[in-house]
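Engineer: There's a structure below that I have some questions on.
What follows is calculated from the coordinates using simple rules that are stated; it is not laboratory data. No experiment lies behind these values; they were computed from the predicted model shown. Cβ atoms come from the backbone with ideal geometry, glycine included; neighbour counts cover every protein chain shown.
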């Protein structure tokens, strides 16, 4: 990122094969890789495996706070939870999916610009993309409440242009306001997760050797064709990584729906939070978390398969 | 839902919950748990300690001259530097007991989830005194997770506690808890946003067509439901399941027709100030402060009455310094200390004989019925009755559905 020299860009690495000159490991060092792995494995065990097992157990328990909880392998909790909260699941997938597509539409041109056109401004623009991360997620979301406030500049302008009449008819907004509507939640998600899209896109675009573009042009490809045949396929790892990094956290997010939404925009994250902290229905909360995980895993694997980029990840 | 509260952003010095010991324990548990699915069966939560039993712990107060106090953010008076707490310093100067004060409570549900594992395992939470809202205090007493207080250490508190707060149904005679503040739930409005509409009751909030989409309700089930029950002529201190369902149906109707903009936690103050909420159910202490900053904010006490709740001081089970904690409670029941506190936090003061002291600090506050309720105000006050474990779960579940989750 520091060196803007174009012709110096590295050529793609040779597929497969060990790096030349690697010496066969000596006996003495055989334990070393495992020792090096140990901290990471321990971390995974304590902060991932253990909580997962605990939650899995909770999801098949029954009982109450006073009487205690026991594992009764009560799998009906899963069926009940899905039957009760499928609208919120659907909504989460819908909102997160929409936000991901919007992020891609906004993020791709931005990343492209930074990678190929920003020149010496590249680092500055990158900082501008990352800068919002220096403030807390909460503050950034709350800022939208000020921006989109009823009677604020934005809402007034949208009302004057009758944009809100249209979105209102589509069910995206309600009346003459933007806040506390689906539109506000999707906008919040898009804004908050945009950098997660831009960064991977930028990294994969930046790696493309500009000489490939020159070569394509020499072969009489029009700019659109160059993009379609060269740039886009080579940036697919970034697209896949970016969509995953956006979709996964957005699907489980509850802050945007809480602050920018209303009762009819609650996502599955809100349900889990409420069940866990207020209703104290720990089994249902745990079961919902696992269903959410399953939904996301399925969505992600379908996405990866269809993009045909397993080997690129 | 009010997991995070913009107006009560977490203080920088939040105490870590994870000690080295608990970490080691956890990793040992992790190794065991990795054993396989069979481990799932070993993960149940034991029943809570004997209900109503005083979970007494060894008291180290005499040897360790310290007490650790967990409270809500901005719930303690500060000096000009905003770093020191004069009332706490007065306690240390008088008794020689040092107070480790942390503002690590942002939400009752969240705080309960945080301390529950230790309490369920019969361990010290590291806190000698905590401040929680009455329903959570009731739950902790019900579960046997609060230590019985020794009245001989609480002479001032016993003498000065206002009659109104003396004997809640969940802690008769205050055997386990003492109120830190009273909380009045009223209706607040933004005059500019109301645009001439007159709001006097919850019915106005739920029905007035000009307020459509500009009404806020609280995610705290008892506040929203209690005010609605009162509006329907029911006493939140004595209602049936049918009454509850009727009130819920009334609210559901308002939600369905788009009258309610949002259910909020503490962050309603921002919506009210900006005018996105024309009117909302609100906590009086906040309204006093908002009113001081923006003149268009005001409040109304409905004729049908208002809900009073309390934030209460408790000594959690396993706490090492119960006597020190009791002395700290007693300290805040001296009128001089209570007045200083009330002048800063603007919530209802549960201590008798504070008026003169408070008038000396802040005459307006002393005359404000939201801080020192007069007779007319006190008569309109109702409390939400205590709920059993099953009732609480059922009511919260129904209410959660109303709020969309």
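Engineer: I need B:140, B:337 ordered by Cβ neighbour count within 10 Å, fewest first.
Structural biologist: By the 10 Å Cβ count, ascending: B:337, B:140.
Engineer: Right, another one. Just rank B:101, B:268, fewest to most, by other beta-carbon atoms within 10 angstrom.
Structural biologist: B:101, B:268
Engineer: Which ordering of B:330, B:241, B:134, B:362 is given by a fewest-first count of other beta-carbon atoms within 10 Å?
Structural biologist: So the ranking, lowest neighbour count to highest, is B:241, B:362, B:330, B:134.
Engineer: Kirkwood Rh, segment A:85-312, all Cα pairs: how many Å?
Structural biologist: 19.4 Å
Engineer: Then there's this: How much of the calculated P(r) for the protein assembly as shown lies past 41 Å, in percent of all Cα pairs?
Structural biologist: Working: 101351 of 257403 pairs.
Tail of the P(r) past 41 Å holds 39 percent of the pairs.
Engineer: Of the DSSP beta bridges with both residues in chain B, give the percent that are antiparallel, rounding to the nearest 5. Can you show the working numbers first?
Structural biologist: On the way: 25 of 41 bridges.
Roughly 60 percent of the DSSP beta bridges within chain B come out antiparallel.
Engineer: Find how many whole Å separate the alpha carbon centroid of segment A:28-79 from the alpha carbon centroid of segment B:154-219.
Structural biologist: First find each Cα centre; the distance between them is then 42 Å.
Engineer: When only alpha-carbon atoms are used, what values of Rg and Dmax, in angstrom, describe segment B:123-192?
Structural biologist: 15.0, 53
Engineer: Sticking with this one: Taking the convex hull of the Cα atoms, report for segment B:294-351 its projected area averaged over all directions, in nm². Walk me through the numbers before you get to the answer.
Structural biologist: On the way: hull surface 26.0 nm².
Reported value for the Cα convex hull: 6.5 nm².
Engineer: Report, in whole Å, the centroid distance computed from the Cα atoms of segment B:64-126 and segment A:174-213.
Structural biologist: Between the Cα centre of segment B:64-126 and that of segment A:174-213, the gap is 42 Å.
Engineer: Would you kindly work out the equivalent ellipsoid of chain B from its C-alpha gyration tensor and give its semi-axes, the square roots of five times the eigenvalues, largest first in whole Å?
Structural biologist: Value: 35, 28, 20 Å, ordered largest first.
Engineer: Bin by bin, in steps of 5 Å, what percent of the Cα pairs in segment A:39-98 do you find, going until the bin that has the longest distance?
Structural biologist: Calculated over all Cα pairs of segment A:39-98, the distribution is 4, 15, 13, 15, 16, 18, 13, 5, 1 percent.
Engineer: Counting only other chains, what is the mean number of Cβ atoms within 10 angstrom of the Cβ of each residue in peptide A:63-73? Don't skip to the answer; put the middle values down first.
Structural biologist: Values: counts 4, 7, 12, 10, 5, 6, 6, 6, 5, 2, 2.
Going residue by residue through A:63-73 and averaging, the value is 6.
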